[in-house]
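The block underneath contains the structure these notes are about, expressed in structure tokens.
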Amino acid sequence: MIVHWTDADATLACVAALRAGSTVPAIVVVDNASVDGSGERLAAALRGQPGVESIRAARNGGFGAGCNLGFERALARMPELTHVVLVNPDAVVASDCLAALLATAARHPAAGIVGGRVLDTDGRRVLFENGRYRPWTLGRSHVAAPPGEREFATGFITGALMLIDAALLREGLRFDETYFLYVEDLDLCREVVARGRGLVITTAASCRHHEGGSQRDDPPLLAGMRARQLEQIARGKVYFARKRLAWPQRLCFFATAILLRPLLGVVLSRSLRFLPHWLRGLRAGLALPLPRDRGRG
């Protein structure tokens with residue numbers, strides 16, 4: 001499944017790579033109410049391609065909302081569905097990527113989500129290959145894979161490439177649509193863990209991903225992050241902390257987010273330009289309503 005936003009050429013390349021793989025899935029492409037006409041162009045290009053369906057969201061509710069819409073369509077149209085793979089629209093999977101994900105899921109039936117390795121466009125730099133959940137700071141979630149291991153348990157899997165057990169979706173697992181962009185994948189992973197399922201990564205599955213996505217024209221302000229990224233990451237982490245962390249962890253997180261991170265950001269960037277965006281995101285996260293059945297984990 002692919003959630004599309006504004007770049008038809010990238011999404012078509014993503015679809016082509018999935019269809020050219022050694023394991024060819026049924027593909028659902030969700031146009032997240034793109035406003036540049038790319039959704040219409042995409043639908044026309046995909047029309048008539050076997051096993052590919054394109055649907056359009058009524059509004060852009062964010063990445064999670066687009067995924068949830070695709071989940072509903074896939075479950076309704078394919079009752080025999082065993083897994084759903086999420087791939088970013090600006091990613092191109094290796095030919096054996098899906099086969100490797102499915103084989104790992106078969107070897108680890110307790111895993112609710114299986115992830116893989118995400119490389120940059122040239123395939124030389126690793127963007128993601130392992131995740132660590134740090135509830136005291138919610139920082140540095142992307143870490144190196146254990147040396148010499150090709151399959152291993154993890155604390156977090158990026159939404160850029162994740163295989164989800166459809167049994168969990170039938171049980172009601174969905175992305176929290178309060179997040180708009182960023183952190184919703186961490187939240188989903190922790191919900192899977194809270195439901196008693198595991199998270200596993202195989203480095204045998206890989207894709208190449210264009211960093212920046214729809215925000216690549218926005219100049220970077222801090223550690224390669226752009227203004228909208230900073231705001232949405234701060235917003236999402238604050239909401240996550242309020243929703244899922246125990247109070248001592250929340251206190252530590254907020255101390256880090258309000259004091260330490262801005263100070264380090266100023267030292268590293270030698271600029272204050274990032275600070276208004278970070279603080280705006282923190283305020284936005286504090287204003288979000290919490291679900292009544294708040295989870296932990």
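A few remarks follow.
- Every condition in (1) part of a helix (DSSP H, G or I); (2) modelled with pLDDT of 95 or more; (3) not charged (D, E, K, R) is met by THR178 except one, and the failing one is (1).
- On inspection, ALA284 does not qualify as under 18 Å from LEU138 (Cα atoms), buried (at least 21 other Cβ atoms within 10 Å of the Cβ) and aliphatic (A, V, I, L, M).
- Residue in region 249-270 that is without any contact (Cβ under 8 Å) to a residue 24 or more places away in the chain and outside any helix (DSSP H, G or I) present: yes
- So LEU98, is it on the phi > 0 side of the Ramachandran plot and either surrounded by 17 or more Cβ atoms within 10 Å (Cβ to Cβ) or aromatic (Phe, Trp, Tyr) (or both): no
- Residues in region 40-95 that are surrounded by fewer than 16 Cβ atoms within 10 Å (Cβ to Cβ) and on the phi > 0 side of the Ramachandran plot: GLY48, GLY51.
- Residues of region 254-297 satisfying the condition of being touching a helix residue (DSSP H, G or I) at 6+ places or on another chain (Cβ under 8 Å) and either closer than 18 Å to ASP176 by Cβ or in the same structural domain as GLY172 (by TED's automatic domain parsing) (or both): GLY281, ALA284, GLY285, LEU286, LEU288, LEU290, PRO291, ARG294, GLY295, ARG296, GLY297
- PRO50 vs. criteria out of contact with any Phe, Trp or Tyr (no Cβ under 7 Å at 6 or more places or on another chain), over 21 Å from HIS209 (Cα atoms) and part of a loop (DSSP other than H, G, I, E, B): yes
- Residue match in region 63-74 (condition: touching a strand residue (DSSP E or B) at 6+ places or on another chain (Cβ under 9 Å) and at pLDDT below 95): no
- Taking the listed residues VAL183, VAL192, VAL238, the one that is at pLDDT 95 or above, buried (at least 20 other Cβ atoms within 10 Å of the Cβ) and at positive phi is VAL183, with no other qualifying.
Conditions tested, residue by residue: (1) over 25 Å from ARG73 (Cβ atoms); (2) over 18 Å from the mean Cα position of the chain (by Cα); (3) among the hydrophobic types (A, V, I, L, M, F, W, C).
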residue: TYR133; (1), (2), (3): yes, no, no
residue: THR137; (1), (2), (3): yes, yes, no
residue: LEU161; (1), (2), (3): no, no, yes
residue: ASP165; (1), (2), (3): no, no, no
residue: LEU168; (1), (2), (3): no, no, yes
residue: GLY172; (1), (2), (3): no, yes, no
residue: ASP185; (1), (2), (3): no, no, no
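The values are calculated or read from the model by the stated rules, or taken from the named source; none is laboratory data. Everything numeric here is computed off the predicted structure, so don't read it as measured data. Every residue, glycine as well, gets a Cβ built from its backbone with ideal geometry; the counts of neighbours run over all protein chains shown.
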